[in-house]
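The values are calculated or read from the model by the stated rules, or taken from the named source; none is laboratory data. Because the structure is predicted, anything quoted here is derived from the model rather than measured. Don't worry about glycine lacking a Cβ; one is built from the backbone with ideal geometry, like all the others, and counts go over all protein chains shown. Calculation scope for accessible area: heavy atoms of the full protein, side chains included, ligands and nucleic acids excluded. Shrake-Rupley method; radii C 1.70, N 1.55, O 1.52, S 1.80 Å.
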Amino acid sequence: MLLTQVAGKINIITAPLHSLMQLSNCLLLLLTLLVILCQCDARNTINGSSKLIDNEETLVSAGKKFEMGFFSNDGDQFNRYVGIWYYNLSPITVVWAANWNNPIRGSGITNEDISVVVEDGNLKVWNSNSKHTYFSTQLGSSANRTVELLDSGNLVLFDDTGVKLWQSFLNPTDTFLPGMKMDRKLKLTDSRSGNFTFQFDQSSNKTYVILQTQGGIHWKGSANLATSGHLNFGEMPAYVAYMLSNNSVEATTGTFKYIRLLMNSSGEIQFYSRDSQEISGWSLMWSAPQDMCDVYKKCGKFSICNSNYEPVCKCLGGFEPDSPENLRAGEFSGGCSRMSVNSCQNDNVEALDTFLDLKSMKFGSPDRLYNNISTSEDCRRFCLRNCTCQAYTYDNSGCGIWLTSLKNLRDYYNGGFNLSVRVSISDIEATRRNCKPCGTNLIPYPLSSGPYCGDPLYYSFSCDNLAGQVSFQTSKGNYTVINFDNGNRTFVIQAAHKESVGNCDDKGLVTGISWFNQSSPFNVIDWCYNPEKNLTSEPLSRGKDLILISWKPPSEPICTTPEDCTDWPNSTCNVTEQGERRCVCKPDYTWDGLILNCSLSSELGSQGPLSTMLASSRNQKAVVISISLVLGVIILCSTSYIIYQNKRVARSKESRKIVLGNPMENFPRIESFDEDLISADDKKHIDVPFFSLNSILIATDNFSNAAKLGQGGFGPVYKGKFPEGADLAVKRLSSHSGQGVEEFKTEVTLIAKLQHRNLVRLLGYCVEKNEKILLYEYMPNKSLDTFIFDHTFNRLLDWRGRFEIILGIARGLLYLHQDSRLRIIHRDLKTSNILLDEEMTAKISDFGLARIIEGKSTEANTNRVVGTYGYMSPEYALEGLFSIKSDVFAFGVVVLEIISGTRNMEFFEDVNLTGYVWRLWMKDRALDMMDQTIVDSCYDKEMIKLVNVALLCVQEDPADRPTMSTVVLMLGGESITLPRPNQPHFITRRNASSTSSSSSKLYSTSNKELTITHEQEGR
């Protein structure tokens, strides 16, 4: 009909014109025809005679709901994909990709070479020039097939009779759309790494799982439906379950125009919605796992997970860790086992066992459910008489029991049930040492919740058995205890800050009051404690009114009879010189308040208290007192003489320095400084124990070469084997090293106050006989530089491992700069100061050069420039001005070294590593600097992002460099647009023909790391 009209009009035009009006009508009709033809160009199908080319041409569904074409991910200029996204929605949201695991690489291919076609009856993405296929439906060959993009977002391949042969809804990537249906064959796989898959649990019709490629089940949850039945925790909302079952979700999702379910690369299944007004963008309505405790079997068997704990996992009362070493290393999946043997081996089971009653618990489904048991007491008796019954729960629906190990336990769970766990009576009853568990809370010695357990000095706790809650009693009131951390001797309480301690802002406490006097064994560490502050850079509500409190190591236990000391081997109940009856250690043993037991004096290498030398006999007591008096007089006289001689020599040296014009420094003599170096006032601020030199010599085999781990800038580091199997790193500071007395004091007092998983922990110190020694937690994998700069070991660190190390360093620096109680600038960040634990977790070490900055300050200056060539920022090296941006600069250098496997002071033609990377960046060749050992495991997009972040950090002007909070945000975000960096600070080789560089007169061209101390006039 249309062509007939057009032909008629053309005849009219070619005929003699009788009037101007007829010509105008003809032109109007031709214009209308042109508009119709243009509209027909927006097609929604591809057949054997047409194709889709990479020239911004797309398919659009009939109702303009979805669009299909070629695209590139944000920041990824090297790869192209064919996919489907929402039509005319900004930013672009891709819901399906044909070749997500086979991208079109390179920039040398012209647009016409790549196309989407229907070839041999199959939908294909291919290169018509090389015949390489990136995607194919892989069906049998046939003619007359058509591909159509529907308004539902489904891409369908039809035969000539209209039968659906293939559809994207049955072959999804990472997104589930309304109209799809989750069955046992359908899977959502994250399109970035392919490591996580969301699907039906094959063993249950009502349960969904997220599977990890190499780790088994990552998350498991059931739908919250009316038909879910008994003991359902509803991890998945009803509207998500209805969508997955292809039912209507309009009643539960309101007026949202768009909804989708996404399996992302971090292992989360996420439900998004978008307002029909298209103003607010996508909103995250639900996701799982929601926290680390949602991860399947995070804490293993018979262990409770709570994200407010530190650590997050703890054994139930009456149970102990299967592997304490793994628990200390942060690995909890091994779980816990009963302390006592199984009661089934005894005749009288009911007399030996009882139940630990827990409230508001979340758990997995019971192994058996008995509807004919009508009361909780009957359920209790039924489980107790069955020696294989591990636990039971009861509600109006019946009695559920477990015959196998309990897993996935969480306490204080909203909507949780009561749970009773079988334990041995002897393992949870109150003793002179340990109080009875209170719900899920184990009250560690010396803390006490009753008059006949724990240490009376620490009797400040009470237990509400009905609620399973522990309270801490103070002069200001009673406060709920959130958790205990026995390893760090701390506990967390919940308090209303505005009423009791003042207000908290994002930086810390504004006002506060003291709760404890000097004789109290308790001390507030953090008034505004936030257990989650190490996991994010976003502003947080300061700790949800949480306070972190520590307790001091106790003295010998109080006793009245010898039986009271049975829990402390190698001790007897005797009267001390203070007139108290305590469990005094036997001769050759000394009380150790850290391990809460008597240890051999030779193992500790220190003199025990005088009370350990007393005998209960009155005849021996007089002899001991006489000898003590004589020894006391001798020691007093000797000490007075030594002090006199030291002061005389010191005055003599000071006089010589004045005569020679040398500057006076308030340092003690290097020949004998153990008396003056750590003053009594200093010791009050040191939160770690003192180790004797003798114990350290024993642990390191007299500093033997076999025990030597390496050589640092301030001296050697040894591995020390201490009693109870503890391995510590012993840092022995050389008297000729650059670290002086003040640096030593700084490191001891400063790092002891820092607690973060990415900072190395200081566990002790020693100042004795011209020795300055620090004891750290032992890192079996040594330092980062031993891996990335070694051609053999660097293969052990793949891309993911290096990325996690970089992220860990960034989080550690963020804690130092912003989140810790003290604002700290490290000033010597480098790869050799990054240590790696058993799990290859990065830990920042060596705080000898660190500086504390007051209040909200972020910078300071110095006349004494110290640091390491290649890592020092230009403003610090040249002007003595240091700030948090100095650490940011060093972080950028470390990132480039980790990625490239090359030291910054190595030269590429005429520039160092930083300059070399900058030149590659300007040529869009940043991938060329990558360490060849990680090419196969690297994600190009992440690589480009890391280089971009590193170059932002090493920019010449400190004001241009980002803060560490911004860096952490940039590293963790998947869709953040990064600014382009300005030219960074870099070094050019100094030679006779050229001296032009940003710092050529400051740095030498040596490839070796060199720690410097440069005296100059600071700003």
Q. Can you list the residues, at least 5 places off or on another chain, whose amide H is less than 5 Å from the amide H of THR207, using H built in the peptide plane?
A. ASP201
**Q.** Mean Cα-pair separation over length for the range 150-207, i.e. relative contact order, pairs under 8 Å, 6 or more apart, %
**A.** 22
(Q) Run the simple label-point estimate for GLU56 and SER323 please: 7 Å along Cα→C-beta, distance reported in nm. (A) 5.7
Q: For the range 365-501, with all protein chains present and a 1.4 Å probe, just round the carbon and sulfur fraction of the accessible area to a whole percent.
A: 44
**Q.** Highest-first arrangement of 132-142, 378-388, where packing means the average Cβ count within 10 Å
**A.** 378-388, 132-142
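Summing Lys, Arg as +1 and Asp, Glu as -1, what charge do residues with Cβ under 11 Å from the Cβ of LYS359 carry, LYS359 excluded?
Spelling it out: positives minus negatives among the neighbours equals -3.
Highest first, please rank the peptides 929-936, 522-529, 484-491 by the mean number of other Cβ atoms sitting within 10 Å of their residues. Can you show the working numbers first?
On the way: 929-936: 15.8, 522-529: 20.1, 484-491: 17.5.
Per-residue Cβ counts within 10 Å, averaged per peptide and sorted highest first, yield 522-529, 484-491, 929-936.
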Q) Around CYS438, which amide H atoms from residues at least 5 apart in sequence, or from another chain, sit under 5 Å from its own amide H, with H modelled in the peptide plane? A) ILE443
Q. Across the range 156-172, in residue order, what do the Karplus-derived ³J(HN,Hα) couplings come to in whole Hz, using 6.51 cos²θ - 1.76 cosθ + 1.60 with θ = phi - 60° and x for Gly and Pro?
A. 10, 9, 9, 8, 6, 9, x, 7, 7, 8, 7, 8, 5, 5, 9, 9, x
(Q) What's the ranking of 181-189, 951-959, 317-325 by average number of surrounding C-beta atoms within 10 Å, highest first? (A) 951-959, 317-325, 181-189
Q) Just the accessible area for LYS407, please: 1.4 Å probe, Å², rounded to the nearest 10? A) 70
Q. If you place +1 on the Cβ of every Lys and Arg and -1 on the Cβ of every Asp and Glu, how big does the dipole about the Cα centre of the range 98-224 come out, in debye to the nearest 20?
A. 540
Q) ASN101 versus ARG43, label points 7 Å from Cα toward the beta carbon: distance in nm? A) 3.1
Q) With r defined as the distance between the Cβ atoms of THR572 and ASP74 and R0 fixed at 51 Å, what FRET efficiency is calculated, to the nearest 0.05? A) 0.10
Q.
I need the calculated FRET efficiency for the pair ILE595 and ILE643, taking r as the beta carbon distance and R₀ as 41 Å, to the nearest 0.05.
A. 0.75
Q | Karplus-derived HN-Hα couplings along the range 353-361 (A = 6.51, B = -1.76, C = 1.60, θ = phi - 60°), whole Hz, x at Gly and Pro | A | 10, 9, 10, 8, 8, 10, 10, 6, 9
Q) Carbon and sulfur together cover what percent of the accessible area of the range 795-852 at a 1.4 Å probe radius? A) 43
Q: Run the accessible area of the range 89-198 with a 1.4 Å probe and give the carbon-and-sulfur part as a rounded percent.
A: 45
(Q) Taking R0 as 56 Å, what FRET efficiency do you get between SER937 and GLU377 from their Cβ-Cβ distance, rounded to the nearest 0.05? (A) 0.45
Q) Ordering ILE844, ILE635, ILE425 from largest to smallest accessible area (1.4 angstrom probe), what's the sequence? A) ILE635, ILE425, ILE844
Q | Surface accessible to a 1.4 Å probe, GLU377 within the full protein complex, Å² | A | 90
